[in-house]
1. I need a count of the residues in region 158-174 that are closer than 22 Å to G240 by Cα and either within 16 Å of ligand 2 (Cβ to nearest atom) or surrounded by fewer than 20 Cβ atoms within 10 Å (Cβ to Cβ) (or both).
2. Under the condition of being of a type in the set (S, T, Y) and assigned to a helix (DSSP H, G or I), which residue from region 408-430 is farthest from A393 (Cα to Cα)?
3. Is it the case that some residue within region 29-41 is closer than 15 Å to D319 by Cα, assigned to a loop (DSSP other than H, G, I, E, B) and free of Cβ contacts under 8 Å to residues at least 60 places away in the same chain?
4. Taking into account only those residues within region 219-241 that are near ligand 2 (Cβ under 10 Å from one of its atoms) and small (G, A, S), which is modelled with the highest pLDDT?
5. Specify the residue that is nearest to the chain's Cα centre (by Cα); the eligible residues are those in region 114-157 that are surrounded by fewer than 14 Cβ atoms within 10 Å (Cβ to Cβ) and of a type in the set (D, E).
6. Name, by its number, the condition in (1) closer than 19 Å to P292 by Cβ; (2) under 18 Å from the mean Cα position of the chain (by Cα) that does not hold for S202.
7. Please determine, by comparing only the residues of region 222-241 that are in contact (Cβ under 8 Å) with a residue 40 or more places away in the chain and farther than 19 Å from I295 by Cβ, which one is surrounded by the fewest Cβ atoms within 10 Å (Cβ to Cβ).
8. Taking region 179-222 as the search range and keeping residues that are assigned to a loop (DSSP other than H, G, I, E, B) and aromatic (F, W, Y), which one is nearest to V74 (Cα to Cα)?
Amino acid sequence: MNILILGGGGREHTFTWKTAQSNKVKRLFVAPGNAGTAGTKLASGEAVTNVDIAVTDFDGIKALVLKENIDMVVVGPEDPLVKGIHDYFLNDPELQNVAVIGPQKLAAQLEGSKEFAKEFMNRHGIPTAAYQSFTREQLEDGFAFLEQLEPPYVLKADGLAAGKGVLILNDLEEAKAELKNMLVEAKFGDASAKVVIEEFLSGIELSCFVVTDGKHYLTLPMAKDYKRIGEGDTGLNTGGMGAVSPVPFAGESFVNKIEERIVKPTISGLQKDELPYRGFIFIGLIKVGEDPYVIEYNVRMGDPETEVVLPRVKTDLADIFEAVQTGTLDKINLEVDERAAATIMAVSGGYPEAYEKGKEITETATIEDSLVFHAGTALKDGKTVTSGGRVIAVTSYGKDFKAALQKSYQNMEKLHFDKMYYRKDIGFDL
Ligand code: AMP
Ligand code: GLY
């Protein structure tokens, strides 16, 4: 089988590393990929090929798929899914038989529109924060709704806003001003033409990952990520600074509640609503007391959660992808590594605000007992250089998350680039 992975971050390097281990895979392409994917070898010894095509350049992707006889496209990020890459393949006679791992556009609205996701959850009795949504014409109604709520106030841009569209405010007047900014001044562009205002839920967050063929599903190991740039979960939000799996506070009975109250009704809801879904679902959860609530759906894997979830999956990933395509996920026996995994993300100085790129990455000693996943890296004149905010993730196994973290921290010290930064307190709250 020839596979193309779309994306170029740590998640996609991890997908590449795991997929490359399958004997089923003859050739593996990544678009655009990074220095890490380019250095990955298949089980056969053949190298993975990076192709410089953007994830939303559907025509460019089509040309590549036809030229290289690609059988399957695995979509990493949400953008191409929300823009309808799966539908683009289904609607093209030359591409109809190419498998796409990722939901169709209709179903991708679970991430593409917060209101769509809320309506879905309410229809199917899935626990989530109470809410109402407002457009610019309903600004006064929005103010009135805020007045009824207790602080803090949660304001969410309906559409995709690169992970920045959620504001949590303590002050009523500030919340009103921001609601106006979002609706009237287009603070997040078109994404905030509609705003969802939610009840604030207080608890600890975790991520649940499901892969589905639309009918059957497998629940992958739970994970917890660390989104803030600063230690003690302070400062600006990032894509994610580290992650651990499993999640110590998600014991068997809590995981069963997630399965019964959230995962099962989500999968049956997709079927009832005829939302075509073959791919990963990332359910952002919050544990309130002993009960799980959904904060958000994403129609893809998380990053850096993938860097700890896939290393714990022993089952051949190409087998899982094939079963997703043929609707036979019930035939797959998911094998999970009992060990814990932890990852730490090294980022460019200044991230998530302005930062410099093109810094050479060096290794002072060979890293042997950790997995090194590239996120924002590129090859330049034979050297590996930084090319993004999040640069490189170091994942380790251990008997528990503390042992895994310790190994990742030891090995992180062997990596260097100018203005490199990473959080030293991943797992501090567990
Ligand atoms: P989202 O993009 O919907 O995941 O929201 C971003 C972050 O805002 C989440 O990871 C939570 O930390 C926080 N958040 C979102 N909704 C709520 C809520 N209803 N109550 C408390 N925190 C929330
Ligand atoms: N780590 C959070 C995300 O991938 O959205």
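1. Taking region 158-174 first, the residues closer than 22 Å to G240 by Cα are 158-169.
Those still in the list that are either within 16 Å of ligand 2 (Cβ to nearest atom) or surrounded by fewer than 20 Cβ atoms within 10 Å (Cβ to Cβ) (or both) too: 159-166, 168-169.
Residues meeting the conditions: 10.
2. Within region 408-430, the subset of a type in the set (S, T, Y) is 408-409, 421-422.
So of that shortlist, the ones also assigned to a helix (DSSP H, G or I) come out as 408-409.
On the way: S408: 9, Y409: 11 Å.
In this case the residue turns out to be Y409.
3. Of the residues in region 29-41, the ones closer than 15 Å to D319 by Cα are none.
Scanning region 29-41 turns up no residue that is closer than 15 Å to D319 by Cα, assigned to a loop (DSSP other than H, G, I, E, B) and free of Cβ contacts under 8 Å to residues at least 60 places away in the same chain.
4. Out of the qualifying residues, it is A223.
5. Ranking the qualifying residues of region 114-157, first place goes to E150.
6. (2)
7. As a first pass, look at region 222-241 and keep what is in contact (Cβ under 8 Å) with a residue 40 or more places away in the chain: 223-226, 229-233, 236-241.
Those left that are additionally farther than 19 Å from I295 by Cβ: 229-232.
Working: I229: 20, G230: 12, E231: 14, G232: 10.
So the residue we want is G232.
8. Of all residues in region 179-222, those assigned to a loop (DSSP other than H, G, I, E, B) come to 184-188, 193, 199-203, 213-216, 220-222.
Subset that is aromatic (F, W, Y): 188, 200.
Numbers: F188: 29, F200: 35 Å.
Result: F188.
The values are calculated or read from the model by the stated rules, or taken from the named source; none is laboratory data. Because the structure is predicted, anything quoted here is derived from the model rather than measured. Counting neighbours? That spans all protein chains shown, and the Cβs are built from the backbone with ideal geometry, glycine included.
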